[in-house]
Amino acid sequence: MNGLDRALNSIIDHELQAKWMSGSPKQTLLEQLFTTQVENGVMPRAQIEGISTMEPYQGDGIHFCLQRNYGRVTRGVSEQVHPNPTYTIPFRGGMPCFCCPEVISYQWPKERGVYIEVGGLPLVILPNISPIFVPHFTAISPEHRPQRMDCNVAVGLAALVPGAWVIQNGQDAGATNPWHYHLQLFFADTLPIAVCPIKNKGDGVEILDHPTLVIRLQAHEQAGFETRLAALVARYLGLGDTRRVNLIVREEPDQWVGYIVLRDTRFRTDLYRSGQPGYAEPAGIISAVDDASYDIWALENVQRYHRLMTDIRPIDSETDLFIQALLAS
Ligand SMILES: [Zn+2]
């Protein structure tokens, strides 16, 4: 067994894995995984209990929710870590990559997950360490590889856990670790984006009347949905090196639905720490990380949301032509 396999094996919750393989309900098993990780201290209890309910705001056709999530942090790497040098640790910017199983097993030895294979790609589902929802998960590739937009994997994961929202943020469009392939997964009855009015309607495709550019794709069959989603994303990313997307997909009882947020790294905002929020904000969720942030969002609410979303909206003639062609197809 090599270093990666050994590390991978050590982060699997073998009891849950056996139940997963035997066909037990996936959502129940994932909820159990998250609860166990809170009980084991991997997920700080104070952080989880500090996540407030979503407070809805609406006006001028805008719907979003505000939550207090003061423990929301990005996983850092402590300076005390000196990974075992018997195998190669992938690095990002001189620090060990926090999505690589070798690093997880060394630095967070109690962290556990479930191993799956989707579209021929191995993934490990772990608790998301900066949850917006409870529970909330990250699905990582065991191999260190970049955050490419593989729509078949996102759709495959959604098919494996029907009812779950599956998310993928593009590099420099909210992906916390753009060097290591990962998706997210959570359960929520609905999202504010789902009640957003429609601006333009095509065949199975709609442009939302949203301050940023969001496409809704719907289909009854998984294969047709996946093919159309992959083609749409590839065509948009093909417009240029700065193009990115946020993907939000779900298998609902009678249809597949996907939201594709069109992004471009040239369009940034000063209302968000990195300049580039991920899927959550376009989906209608603002997580305030301290009192000052909460207060200003509660005060300015829809105006502030409108500005944040228009800041990151790609505005150029190529994007306009892309949308026209999409509606005509
Ligand atoms: Zn990595």
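Every number here is computed from the coordinates shown, using simple stated rules; none is lab data. What you are looking at is a predicted structure, and each value in this text was computed from that prediction instead of being measured. Cβ: placed from backbone, ideal geometry, glycine included. Neighbour counts: every protein chain shown.
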Of the residues in the range 223-233, those that are among the small types (Gly, Ala, Ser) and without any contact (Cβ under 8 Å) to a residue 40 or more places away in the chain come to 223, 224, 231
Can we say residue 190 is in a loop (DSSP other than H, G, I, E, B), more than 16 Å from the ligand (Cβ to nearest atom) and not acidic (Asp, Glu)? yes
Considering only helices (runs of 4 or more DSSP H) fully contained in the range 254-329, which possess at least 1 residues that are under 20 Å from residue 185 (Cα atoms)? 280-283
Do you know which residues across the range 238-252 are touching a residue at least 12 places away in the same chain (Cβ under 8 Å) and either exposed (fewer than 13 other Cβ atoms within 10 Å of the Cβ) or farther than 20 Å from residue 283 by Cβ (or both)? 239, 240, 242, 252
Has the range 310-322 got any residue that is touching a helix residue (DSSP H, G or I) at 6+ places or on another chain (Cβ under 9 Å) and either within 27 Å of residue 48 (Cβ to Cβ) or small (Gly, Ala, Ser) (or both)? no
I'd like the residue in the range 93-131 that is among the β-branched types (Val, Ile, Thr) and surrounded by 20 or more Cβ atoms within 10 Å (Cβ to Cβ) and, out of all such residues, is farthest from residue 35 (Cα to Cα). 118
Search the range 253-274 for residues being surrounded by fewer than 13 Cβ atoms within 10 Å (Cβ to Cβ) and charged (D, E, K, R), and hand back the single one that is nearest to the chain's Cα centre (by Cα). 273
Which condition number does residue 179 fail, the rest of (1) among the aromatic types (Phe, Trp, Tyr); (2) surrounded by 19 or more Cβ atoms within 10 Å (Cβ to Cβ); (3) more than 21 Å from residue 28 (Cα to Cα) being met? (2)
Say we look at the range 152-179 and pick out the residues that are over 23 Å from residue 192 (Cβ atoms) and part of a helix (DSSP H, G or I); which of these is farthest from the ligand (Cβ to nearest atom)? 159
